[in-house]
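Engineer: Submitted below is the structure of interest, expressed as structure tokens.
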Amino acid sequence: MSEHEASKIFSKFSTVISEVSGKPATFVAAVFLVVVWAASGPLFGFSENWQLVINTGTTIITFLMVFVLQNSQNRDGKALQAKLDELILTSQAQNKFVGIEKLDEQELRELSRTLSERAECVEDKATDKAQERKLDQTQL
């Protein structure tokens, strides 16, 4: 099996698991299992083995879910970024914003600050225009 095929299979697997794990029914099933485990405590004398069952089970599930969910999140993020890049490229937006997710933290902060300043200028101009229109309307 090639790396591409394995990646494709894992992507499908992680998508299915992510969708199933996010459903209310899955949460209810997990709560039910915990309640059954807790209720069985007196039957097993609240022994160390009884505690070990829930500890081991939750640890293994959590460990594996980290990789599955991270895979889904990475793919979702890349898909969203590709969609945004397409919108930038096909609009009046500046093409220099394509790929900015690869900038380091400092470069992103500087870009964000610059964009905030530009947004304030646009907002100021819009406010001035609105006030001019109000004046023009009141003079009529």
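The values are calculated or read from the model by the stated rules, or taken from the named source; none is laboratory data. This structure is a prediction, so every number in the text was calculated from the model and none was measured. A quick note on method: Cβ atoms are made from the backbone with ideal geometry, for glycine too, and the neighbour counts reach across all protein chains shown. Only protein heavy atoms, including side chains, enter the accessible area calculation; ligands, DNA and RNA are left aside. Shrake-Rupley method; radii C 1.70, N 1.55, O 1.52, S 1.80 Å.
Engineer: Just the residues that are among the aliphatic types (A, V, I, L, M), open to solvent by 100 Å² or more (accessible area, probe 1.4 Å) and assigned to a helix (DSSP H, G or I), please, taken from segment 38-73.
Structural biologist: ILE61
Engineer: Search segment 8-32 for residues being without any contact (Cβ under 8 Å) to a residue 24 or more places away in the chain and open to solvent by less than 60 Å² (accessible area, probe 1.4 Å), and hand back the single one that is farthest from ILE54 (Cα to Cα).
Structural biologist: It comes out as THR26.
Engineer: Taking segment 90-100, which residues are assigned to a helix (DSSP H, G or I) and open to solvent by less than 80 Å² (accessible area, probe 1.4 Å)?
Structural biologist: PHE97, ILE100
Engineer: With the condition kept exactly as written, say whether any residue in segment 74-86 is modelled with pLDDT under 85, open to solvent by 70 Å² or more (accessible area, probe 1.4 Å) and assigned to a helix (DSSP H, G or I).
Structural biologist: Scanning segment 74-86 turns up no residue that is modelled with pLDDT under 85, open to solvent by 70 Å² or more (accessible area, probe 1.4 Å) and assigned to a helix (DSSP H, G or I).
Engineer: Right, here's the next one. Just to be sure, is VAL35 open to solvent by 60 Å² or more (accessible area, probe 1.4 Å), in a helix (DSSP H, G or I) and hydrophobic (A, V, I, L, M, F, W, C)?
Structural biologist: The answer is yes for VAL35.
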